[in-house]
1. If you scan region B:57-73, which residues turn out to be under 17 Å from B:Met111 (Cβ atoms) and touching a Gly at 6+ places or on another chain (Cβ under 6 Å)?
2. Give region B:94-124 a look and list any residue that's touching a Gly at 6+ places or on another chain (Cβ under 8 Å) and within 14 Å of the ligand (Cβ to nearest atom), or say none.
3. Which numbered condition trips up B:Arg241, out of (1) farther than 30 Å from B:Ile131 by Cα; (2) part of a helix (DSSP H, G or I); (3) open to solvent by 10 Å² or more (accessible area, probe 1.4 Å); (4) away from chain A (no Cβ under 14 Å)?
4. Where the second residue is of a type in the set (S, T, N, Q) and assigned to a loop (DSSP other than H, G, I, E, B) and the first is under 17 Å from B:Thr46 (Cβ atoms) and open to solvent by 20 Å² or more (accessible area, probe 1.4 Å) and lies in region B:62-73, which pairs have Cβ atoms under 6 Å and are six or more apart or on separate chains?
5. Can you tell which of A:Leu7, A:Leu19, A:Leu24 is under 14 Å from A:Val80 (Cα atoms) and open to solvent by 30 Å² or more (accessible area, probe 1.4 Å)?
6. Have a look at B:Leu381, B:Leu415 and point out the one that is within 14 Å of another protein chain (Cβ to nearest Cβ) and either at pLDDT 95 or above or open to solvent by 10 Å² or more (accessible area, probe 1.4 Å) (or both).
7. Within region B:93-144, work out how many residues are in contact with a Lys or Arg (Cβ under 9 Å, 6 or more places away or on another chain), among the polar types (S, T, N, Q), open to solvent by 40 Å² or more (accessible area, probe 1.4 Å) and outside any helix (DSSP H, G or I).
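The values are calculated or read from the model by the stated rules, or taken from the named source; none is laboratory data. For clarity, every value in this text was computed on a predicted model and none was experimentally measured. Ideal geometry is used to build each Cβ from the backbone, glycine not excepted, and the neighbour counts take in all protein chains shown. For the accessible areas, the whole protein counts, side chains as well, though only heavy atoms, and no ligand, DNA or RNA atoms are used. Shrake-Rupley method; radii C 1.70, N 1.55, O 1.52, S 1.80 Å.
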Amino acid sequence: MIINHPLLGPRDSAEFVYLGDAELIDRPDPETASPEDWYEYGYLRDNPAGLHRELWWHEGGDRSWLVVTRNTMTHEITSVEIARDVARKMGRSS
Amino acid sequence: MRYSGLKVIKEALTGHKGWTPAWRDPEPQPHYDIIIIGGGGHGLATAHYLASVYGQHKVAVIEKGWIGGGNVGRNTTIIRSNYMLDGNEPFYEFSLKLWEGLEQNINYNAMVSQRGIMNLIHSDAQRDAFIRRGNAMMLNGADAEYLDVAAIKREYPFLNFDDARFPIKGGLAQRRGGTVRHDAVAWGYARAADSKGVDIIQNCEVTGFRIENGKCHGVETSKGFIGANKVGCAVAGNSGRLMSMAGMRLPIESHVLQAFVSEGLKPVLPGVITFGAGHFYVSQSDKGGLVFGGDIDGYNSYAQRGNLPVVEDVCEGGMAIMPMIGRARLLRMWGGIMDMSMDGSPIIDRTDIEGLYFNGGWCYGGFKATPASGHVFAHLLARDTPHETATAYRFDRFKTGHMIDEKGMGNQPNLH
Ligand SMILES: Cc1cc2nc3c(=O)[nH]c(=O)nc-3n(C[C@H](O)[C@H](O)[C@H](O)COP(=O)(O)OP(=O)(O)OC[C@H]3O[C@@H](n4cnc5c(N)ncnc54)[C@H](O)[C@@H]3O)c2cc1C
């Protein structure tokens, strides 16, 4: 699989480490979250057969975090974003 | 028809004209007491034990493809009960005992072969951990044996004992572990269940559930609606996809695991070897092929095929521990989809929807569990209480903090 890094261009996915569903960016607020919120965040997943937004870490490269949109049936990658930009858009980072 | 040595000889002498199909091919009835979704090893075993142990006969198994086409026919066939934690070890030992009596129980040759399994040790810390595991196994009535280097050299002289990074320092053996002919497990259970009246319906995909007021009344399928008092799901890697049709999110991700087979060789490997440090495991099939595997590919996948980086990684592991494997040609490789759970252990439980039951999260270790999984799931479906060896496999363990995390990896399914 080739991941088209927005800054570095196409890279072999073997340079990356996979973390999981990109929803993990949206961590509950420790001030207000209930145990149920933490349970859902920590353990429950949509696990779709089809398009999946997921977090990949460029460990063997520039050590950036990316949000990769990949089809879990075909491995086709349709978009690659810098995770920080995604987080900013969600109001999660300055 | 019962199989016997006499029958085999008679058929051999008369041109094999007297064999009949091993199970019927029925159309679905409008309503069953219990429907099992998924004609893999676990679903078929559940049906068999429902009929033979728990007295349920209005049972159907619904399979979207053909029985045995899923993980039960794609795995590397290793059976063992060398677990450590309380929730797991009694369950897997129960399973190993059921394997030991399986062929007599279902009158089918599943080629259960207790050729032994050996986990290699490469450091003092690993030795301590494995000896502790061996003690836990023996406390639960399983067998375990510590092997020193001389003992391993007698059985496996060709291993790479002096590898610079992972020298072999010992091994933990379970002599009762081994391999089983995987397809025959599906066929044997199917035949046994069918002979007790269970309908095995192939080429019938479940596309939804009929749920009214929090109660499940049956399933929508490609052959129309089929009603049931109770529905049990045992669809391995498709757990997430199926349960989302009932509006549930699971503590599960689907990942692909590959298996490899070399060309046929003379007998070289007496038992099963695992090289945990490099993640490689291997046995030799009765046809002579070396059957081996390693890590999962590591990211969510529903594609029943693997990717090349892992092929390379697995073969490197093989070369590191067993250099002679480099002389053999690789014949075939394939992938299967596993439902990796958040703590690496299975879930066998009722759901919040009345009449809907779940069996899944087997990760890549569910083949060895097939008989016990079927037995305890049948118990749950028939009696509505968990079987005594499966009381820890509940959904709520992720809420209450009672995870069964054999590998200590936390909630990261791709590391279990
Ligand atoms: C490469 C590989 C190696 C492995 N090695 C080992 C090993 O050495 N030892 C070990 O213990 N375990 C091993 N495993 C794991 C083990 O094979 C599985 O955990 C176990 O087989 C899963 O249970 P099952 O047999 O019932 O699943 P399956 O055989 O996958 O059965 C599930 C069935 O459900 C059907 N299904 C899915 N969706 C639907 C639907 N909507 N409607 C109707 N039917 C549906 C599927 O078609 C499938 O036939 C391995 C797995 C793989 C892939």
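1. Let us first name the residues in region B:57-73 that are under 17 Å from B:Met111 (Cβ atoms), namely B:68, B:72-73.
Matches in region B:57-73: B:Val72 only.
2. Within region B:94-124, B:Leu96, B:Ala110, B:Val112, B:Ser113, B:Arg115, B:Ile117, B:Asn119 qualify.
3. (4)
4. The qualifying pairs are B:Glu63/B:Gln202.
5. Working: A:Leu19 fails: under 14 Å from A:Val80 (Cα atoms); A:Leu24 fails: under 14 Å from A:Val80 (Cα atoms).
Result: A:Leu7 is the single residue among A:Leu7, A:Leu19, A:Leu24 that is under 14 Å from A:Val80 (Cα atoms) and open to solvent by 30 Å² or more (accessible area, probe 1.4 Å).
6. On the way: B:Leu381 fails: within 14 Å of another protein chain (Cβ to nearest Cβ).
Being within 14 Å of another protein chain (Cβ to nearest Cβ) and either at pLDDT 95 or above or open to solvent by 10 Å² or more (accessible area, probe 1.4 Å) (or both) holds for just one of B:Leu381, B:Leu415, which is B:Leu415.
7. 3
Here's the yes/no breakdown for (1) surrounded by 14 or more Cβ atoms within 10 Å (Cβ to Cβ); (2) within 13 Å of another protein chain (Cβ to nearest Cβ):
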| residue | (1), (2) |
| --- | --- |
| A:Glu31 | no, no |
| A:Ser34 | no, yes |
| A:Glu40 | yes, yes |
| A:Arg53 | yes, yes |
| A:Gly61 | yes, no |
| A:Leu66 | yes, yes |
| A:Thr72 | yes, yes |
| A:Met90 | no, no |
| A:Ser93 | no, no |
